[in-house]
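Reviewing the structure listed below.
Just so it is clear, none of the values below were taken in a lab; they were calculated from the coordinates. Since we're looking at a predicted model, the values are computed, not measured. Virtual Cβ from ideal backbone geometry, glycine too; neighbours counted across all protein chains shown.
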Amino acid sequence: MPTFEVRPRFTADLHQLTPEQRRRFRRVVIDSFVPDLRAGMFRPGLREAREFAESWRS
């Protein structure tokens with residue numbers, strides 16, 4: 001049973017990413033987000049998505 005809901009905005013934003021940006025996103029989720037989620041605390045760099053957001057807007 002999934003423990004999350006994929007929102008339409010997320011899906012739309014994800015589809016706008018280039019293949020390289022999708023790979024980067026997936027790598028951050030697997031290597032950083034999931035371990036921090038399991039630990040119950042997010043490192044400061046994951047609290048703010050500005051760098052990632054700016055990288056796909058340009």
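For the pair F42 and T11, how long in nm is the line joining their label points, each one 7 Å along Cα→Cβ?
Going from the F42 label point to the T11 one covers 2.3 nm.
7 Å from Cα along Cα→Cβ at both F33 and E20: what's the point-to-point distance in nm?
2.1
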